[in-house]
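Colleague: Before I ask anything, here is the structure I am working with.
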Amino acid sequence: MRVLDVKERGGLPADPLRSRCHLMETPVAAAPAGDFFPSFLLLGFATLVAALLGAAHRLGLFYQLMHKVDKASIRHGGENVAAVLRAHGVRFLFTLVGGHISPLLVACEKLGIRVVDTRHEVTAVFAADAVARLTGTVGVAAVTAGPGLTNTVTAVKNAQIAQSPVLLLGGAASTLLQNRGALQAIDQMSLFRPLCKFCASVQRVREIIPTLRAAMAAAQSGTPGPVFVELPVDVLYPYFMVQKEMVSAKPPKGLVGQGVSWYLENYLANLFAGAWEPQPEGPLPLDIPQASPQQVQRCVEILSRAKRPLVLLGSQALLPPTPSDKLRVAVETLGVPCFLGGMARGLLGRSHPLHIRQNRSAALKKADVVVLAGTVCDFRLSYGRVLSRSSKIIIVNRNRKEMLMNSDMFWKPQVAVQGDVGSFVVKLAQGLQGQTWASDWAEELRQADRQKEQTFREKASMPVAEHLNPVRVLQLVEETLPDNSILVVDGGDFVGTAAHLVQPRGPLRWLDPGAFGTLGVGAGFALGAKLCQPDAEVWCLFGDGAFGYSLIEFDTFVRHKIPVMALIGNDAGWTQISREQVPCLGSNVACGLAYTGYHKAAMGLGAQGLLLSRESEDQVVKVLHEAQQQCQDGHPVVVNILIGRTDFRDGSIAV
């Protein structure tokens, strides 16, 4: 190609296009032709080496140089799971058996962890939730792959909203068969990531211990909640069994067959390399947020100037590390009237002068300083609208998002503290030691309580058209309930009425689903509660609708010798829904049930069954004592109580 001189033809190139091509080609033409191919080959070789090194790393070839596989060992990954659970003080494992998880169940049994199998996976997680709430440790459930896991979704979501530290162990198809159409294989991780604080899928046996330790720490750190660990079947079973399933016993033929065989052998070796090397199994440090001294001091100053202070204590106040007895002393030292909700119910015992039980909305409107200690402004506080604009609001919560819920709409905090609630209350009481408030404020609130209790007495004496007066029945339950009882509540109207009439005898003795409002928690909560506290009497208050979820678990109670007592407020309907649906929409469709003989169904499962009806109206206490005696003798009991329908709205009851 001829190179043009720019001076030619009056200083301009004769052909501008050719000139541009020349300018672009000049650097290439300037480089010696022999240098291009070595550079290209060097780059290609480096890329190939990097790819081979990456593949070797993914296949675990480097790891296998230092960590060998014990092919003769009969140990299995389930033993590693059980070892971590035991090191974390886990006493109970709730499950519904499946082949994917059999090794970990057997290993737990051998290490003295009690394995309790239920009739539905959701019950297993509810039971683990109850253990978490009552012990302050992590409750553990294990279920098989696919439908076994999908059956737990409601209970896991309930634990998330209730902030219960629950570990869910889920079986899964073999790591080699993921996304290949294996039995019960679905994308379990995507399903549980929105529900859990921590999700992990174990891919090699050596990862079991560190993954479980991290999961247990995550469940309890910050705002507690559920965590999920997926355990594929090939990380749980022993080497020889996995080898039998994965690698053909016959020598492969042909180059391709030999290549596939090498890959599978190496995959198997990487799966078990370093599996039984000693690793620390105990708990990792927890991250629990604490209020700063400056925040505590500011709250002390605000509260010290209050004339009508009020404290609302929620479930977070009962979380570790503050023991309930220390929290109770702090609340008594503080001397501020308080409302107790969630797991904080019963903190001050049955009839403490600081515990206000009725007319919370009216009290909040009159208070000049309100401390929301583990209580959030969701639907239970009318999204914050129930708070007075003139009140100074102090709120403390481990979860910042929850703490500030709706604060941009209906209310504003004077001080918002992200920290542990129990520790904060203790420090607040220490800062205000010696402070007193006018007694007329607490007396005004107690007077409102007495007026509401008089209303209940009047309702209890009202005649009903048929069956029993539920208010009177619950008053007799309150009079009969022993000091060592734990109350489990699951239902609508009957339970809503009981929340006003039946008082837990101490802290951590009231189990309700929490803010999710889930029906069906009763059997699982009762199971976990009785196992945690075998000397306590577990009384379950059911609506007849809610009891339908729990009936079959009386088979579980019988098989495992779990003596709990169920009281069913049987009004033959989904009355809480019907009450609104009929006047608004003119139909009772889907709201009707029957006065079913639930006590007879329980007897068919091997439990004891008792009936209370209008004919035995004067025998209520006697029947309750009989049910108690049956429980003391080791039998689970169902008391079917035929009641008239109630109208429970805004704290009022109409029969």
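The values are calculated or read from the model by the stated rules, or taken from the named source; none is laboratory data. Keep in mind that this is a model prediction, so the values were computed, not measured. Counting neighbours? That spans all protein chains shown, and the Cβs are built from the backbone with ideal geometry, glycine included. Quick note on the areas: whole protein, heavy atoms, side chains included, nothing else; ligands and nucleic acids left out. Shrake-Rupley method; radii C 1.70, N 1.55, O 1.52, S 1.80 Å.
Colleague: Rounded to whole Å and sorted largest first, list the principal axis extents of the Cα atoms in the stretch 283-362.
Modeller: So the three principal-axis extents are 44, 30, 22 Å.
Colleague: Using the Karplus curve 6.51 cos²θ - 1.76 cosθ + 1.60 with θ = phi - 60°, work out ³J(HN,Hα) for each residue of the stretch 533-547 in order, rounded to whole Hz, and write x for Gly and Pro.
Modeller: Those phi angles translate into 10, x, 7, 7, 8, 9, 9, 9, 9, 10, x, 5, x, 5, 5 Hz.
Colleague: Report, in deg cm²/dmol and to the nearest 500, the calculated mean residue ellipticity at 222 nm for the chain, where each DSSP H run with n ≥ 4 adds -39500 (n - 2.57) and the sum is divided by the residue count.
Modeller: On the way: 26 runs with 280 residues, N = 655.
Dividing the helical sum by the residues of the chain leaves -13000 deg cm²/dmol.
Colleague: Alpha carbons only, please: Rg and Dmax for the chain, in angstrom.
Modeller: 32.8, 125
Colleague: Now for a different question. I'd like to know how the stretch 67-200 sits against the 2.2 N^0.38 Å rule of thumb: what's its Cα Rg over that expected value?
Modeller: Rg over 2.2 N^0.38 Å, computed on Cα atoms: 1.05.
Colleague: Could you grab the relative contact order for the stretch 322-448? Cα pairs under 8 Å, six or more apart, rounded to a whole percent.
Modeller: On the way: 161 pairs, mean separation 36.1, N = 127.
Relative contact order of the stretch 322-448: 28 percent.
Colleague: Nothing charged except the Cβ atoms of Lys and Arg (+1) and of Asp and Glu (-1): what's the magnitude of the dipole of the chain about its Cα centre? Round to the nearest 20 debye.
Modeller: Rounded to the nearest 20 debye, it is 1320 debye.
Colleague: Give 71/244; 68/250; 157/600; 392/452; 157/412; 110/561 a once-over and call out the pairs whose C-alpha atoms are over 22 Å from each other.
Modeller: 68/250; 157/600; 392/452; 157/412
Colleague: Measuring with a 1.4 Å probe in the full set of protein chains, what accessible area per residue, in whole Å², belongs to the chain?
Modeller: 45 Å²
Colleague: Once phi is turned into θ = phi - 60°, what whole-Hz ³J(HN,Hα) does the Karplus curve with 6.51, -1.76 and 1.60 give for every residue of the stretch 186-199, x standing for Gly and Pro?
Modeller: Per-residue couplings from phi come out as 9, 7, 6, 5, 5, 5, 9, 4, x, 9, 10, 5, 9, 9 Hz.
Colleague: Could I ask something else about it? Counting only DSSP beta bridges with both residues in the chain, tell me the antiparallel percent, nearest 5.
Modeller: The antiparallel proportion sits near 5 percent.
Colleague: Using the scaling law 2.2 N^0.38 Å as the reference, what is the normalised Cα Rg of the stretch 63-119? Provide the component values of the computation, followed by the final result.
Modeller: Details: Rg = 13.7 Å, N = 57, 2.2 N^0.38 = 10.2 Å.
Working it through for the stretch 63-119, the quotient is 1.34.
Colleague: Which longest uninterrupted range of the chain lacks any GluC sites (Glu not before Pro) assigned by DSSP to a loop state (not H, G, I, E or B) and surrounded by at most 13 other Cβ atoms within 10 Å?
Modeller: Values: sites that count: 8, 466.
Excluding the exposed sites themselves, the longest stretch runs over 9-465.
Colleague: How far, in nm, would the chain grow between residue 260 and residue 561 when pulled straight, counting 0.36 nm per residue and subtracting the alpha carbon separation?
Modeller: Full extension of this stretch gives 103.1 nm more.
Colleague: Which order do you get for 539, 276, 262, 574 if you rank them by accessible area with a 1.4 Å probe, largest at the top?
Modeller: The residues order as 262, 574, 276, 539, largest area first.
Colleague: May I ask for the Kirkwood hydrodynamic radius of the stretch 431-533, worked out over all distinct Cα pairs and given in angstroms to one decimal?
Modeller: 16.3 Å
Colleague: Mind listing the long-range amide H neighbours of residue 486? Cut-off is under 5 Å, sequence gap 5 or more, other chains count too, H placed in the peptide plane at 1.01 Å from N.
Modeller: The answer is 537, 538, 539.
Colleague: Roughly how many Å is it from the Cα centre of the stretch 602-630 to that of the stretch 179-218, as a whole number?
Modeller: What the calculation gives is 46 Å, centre to centre.
Colleague: What figure in square angstrom, to the nearest 10, would you give for the accessible area of residue 350 with a 1.4 Å probe?
Modeller: Ignoring ligands and nucleic acids, residue 350 comes out at about 100 Å².
Colleague: How far, in degrees from 0 to 90, does helix 293-304 lean away from the longest principal axis of the Cα atoms of the chain, to the nearest 10?
Modeller: For helix 293-304, the angle is close to 20 degrees.
Colleague: Just the number, please: Stokes-Einstein D of the stretch 373-436 in µm²/s, Kirkwood Rh from C-alpha pairs, 10 °C, 1.306 mPa s.
Modeller: The diffusion coefficient I find is 128 µm²/s.
Colleague: How much of the accessible area of the stretch 564-638, in percent, comes from carbon and sulfur atoms when a 1.4 Å probe is used? Let's see the in-between values first.
Modeller: Details: 2060 of 3740 Å².
Carbon with sulfur: 55 percent of the solvent-accessible area.
Colleague: Let me ask something else. Can you list residues from other chains, or at least 5 along the same chain, whose modelled amide H is less than 5 Å from the amide H of residue 564?
Modeller: 637
Colleague: Could you let me know the centre-to-centre spacing of the stretch 422-493 and the stretch 253-332, using Cα atoms, in angstrom?
Modeller: The distance from the Cα centre of the stretch 422-493 to that of the stretch 253-332 comes to 34 Å.
Colleague: How high is the relative contact order of the chain, in percent, counting Cα pairs under 8 Å that sit 6 or more residues apart? Don't skip to the end; give the middle numbers.
Modeller: Working: 1241 pairs, mean separation 73.6, N = 655.
Rounded, it is 11 percent for the chain.
Colleague: Further question: With Cβ to Cβ distances under 12 Å as the rule, what net charge do the other residues near residue 261 carry (K, R +1; D, E -1)?
Modeller: That works out to +1.
Colleague: Another question, if that's okay. Per 5 Å bin, what is the whole-percent P(r) computed from every C-alpha pair distance within the stretch 92-135?
Modeller: Final binned percentages: 5, 23, 27, 27, 14, 3, 0.
Colleague: What nm value, rounded to one decimal, do you get for the distance between residue 455 and residue 594 when each label is placed 7 Å out toward the C-beta?
Modeller: Result: 3.7 nm between the two label points.
Colleague: Pairs of Cα atoms under 8 Å, at least six residues apart: use those to get the relative contact order of the stretch 378-504, whole percent.
Modeller: 15 percent
Colleague: Could you pull out the trypsin sites (Lys or Arg not before Pro) across the stretch 505-566 that fall in loop regions by DSSP (anything but H, G, I, E, B) with no more than 10 other Cβ atoms inside 10 Å? Walk me through the numbers on the way to the answer.
Modeller: Numbers: sites: 505, 509, 530, 559, 561; in loops: 505, 509, 561.
Hits after loop and neighbour filter: 561.
Colleague: Follow-up. From the P(r) of the stretch 515-655, can you give the percent of Cα pairs sitting at distances over 27 Å?
Modeller: 24 percent
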